[in-house]
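A.B. asks: Mind looking over this structure? Questions follow.
What follows is calculated from the coordinates using simple rules that are stated; it is not laboratory data. Only a predicted model underlies this, so the values are computations on that prediction, with no experimental measurement involved. Neighbour counts run over all protein chains shown; Cβ positions are idealised from the backbone, glycine included.
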Amino acid sequence: MMRQNWILALLLFVSLSLKAEPKVVLVSIDGVRWQEVFTGADPSLHQQAQWVKTPALIKAFQPGRPELLMPFLHQTVLQQGVAVGNRTLGSAINVSNPYQISYPGYQELLAGFSDPVIHSNHKIANPNVTVLEWLNQQPQLRQKIAAFGSWDLFPYILNTQRSGLTVNAGFMPEQGKLSEKQRYLNQLQAKTPSPFANVRLDVFTQEFALEHLRLHKPRLLYIALGEADDFAHLGHYDQYLAAIYRSDQFIADLWQQLQNDPYYRDQTTLLISTDHGRGEAAQWRSHGKSTALPGYKGPVPQIAGSEHIWLAAMGPGIPAAGVIRTDGSWQQGQMAATMAAVLGFDYQAVQPKAAPAFDFSTSVRLAVSDTTPTVTRQGL
Ligand SMILES: [Zn+2]
């Protein structure tokens, strides 16, 4: 009798502990092109002296070897999950907003739809409720959502005044009761020069986020890396590539921390994407509307290719399909409903303007069978 009770208790314990509680981590890397993600350094840019001041910095990133530029993405995410956006393989995802710059991109990514009110990068408090704000209103997720960004616009994008979301972005120090690491990061951040006026170096965003993850265990964590886009605008192709490599390493470190923590291990979906693409060849530095010359009165042309983005995903229920062919183009706005769906919520039910969640299972049938880049594969 005693023995039977013990077995029942054990079964109950096992079934409770097996009931995984889903978590989501979204990482965006601002303004990184699908070309670098899937084909590595651009052969038309990587040796141009005007854009590469420090060739040694990018010597390791040979064109056609994307696994050298983003080893974690290619060796781990593409082996265990999916990626979309390699247009040479018929895999495509676009932004639907016509502006193809950052704030409209984050609006689409995080609220699920494009809004003409958000057409610039001006610091206006977002009138739209993002999926993060909505999820934070759900009793089981309250105060279990946090966002860390390098760009100082995120408190506006996520409307912290209204949403009450935990957001640390720009050059904000961490506040409240702090760990030793948080105090030290605050000191380092205040003493480190940034090349950019409103974007901090990504290492601070990353390290603040990892410490928050360890201390507060959010169910949804958003990390918005930013320096790649700014180095590109400065015309530093070497620094842009190095920033992409660092971003990949940051995600590898993040994934290791998640898998080392029983609260997250095997229960966490990792989503990686970007806010917009960039121009091709000589127009790689910019995106969206190109700047009109002084005195020019005509329409300002859109830089072709800025609408082309990419995504990668892995986690419970996501097939290990590598680069998947899309039937038409997926849309950036699908990310919001996808994050909600992973956590068990139907975002479209409350926000009909939002695009539907990505259906990663449908895509298995469309899997590109033998074109996933691997470490041993040369070129693509
Ligand atoms: Zn930009």
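A.B. asks: DSSP loop (so not H, G, I, E, B), at most 16 other Cβ within 10 Å: list which trypsin sites (Lys or Arg not before Pro) in segment 167-244 pass both filters.
C.D. replies: Answer in residue order: 177.
A.B. asks: Something else: Near residue 297, which lysines are there with a Cα under 26 Å away, not counting those fewer than 8 places off in the same chain?
C.D. replies: Cα-Cα hits under 26 Å: 289.
A.B. asks: Output the DSSP H helices from the chain with an along-axis C-alpha extent of no less than 18 Å and a mean Kyte-Doolittle hydropathy no less than -1.0.
C.D. replies: Going by DSSP H runs, the hits are 2-18, 202-216, 237-259.
A.B. asks: OK, next. Straight-line reach from residue 217: which lysines have Cα under 25 Å away, leaving out those fewer than 8 places along the same chain?
C.D. replies: Of all the lysines, those that pass the test against residue 217 - Cα under 25 Å, at least 8 places apart if same chain - are 19, 23, 144, 177, 181.
A.B. asks: Same structure, new question: Just how far, in whole angstrom, is segment 232-249 from segment 141-216 if you go by their alpha carbon centroids?
C.D. replies: Between the Cα centres of segment 141-216 and segment 232-249 lies a distance of 21 Å.
A.B. asks: Determine the dipole magnitude for segment 64-155: charges of +1 sit on the beta-carbon of Lys and Arg, -1 on that of Asp and Glu, nothing else is charged, the reference point is the Cα centre, and the result goes in debye to the nearest 20.
C.D. replies: The calculated dipole for segment 64-155 is roughly 140 debye.
A.B. asks: Under a 5 Å amide H to amide H cut-off, with H placed in plane at 1.01 Å, what residues pair with residue 169 once short-range neighbours are removed?
C.D. replies: Counting only residues 5 or more places away or on other chains, the set is 149.
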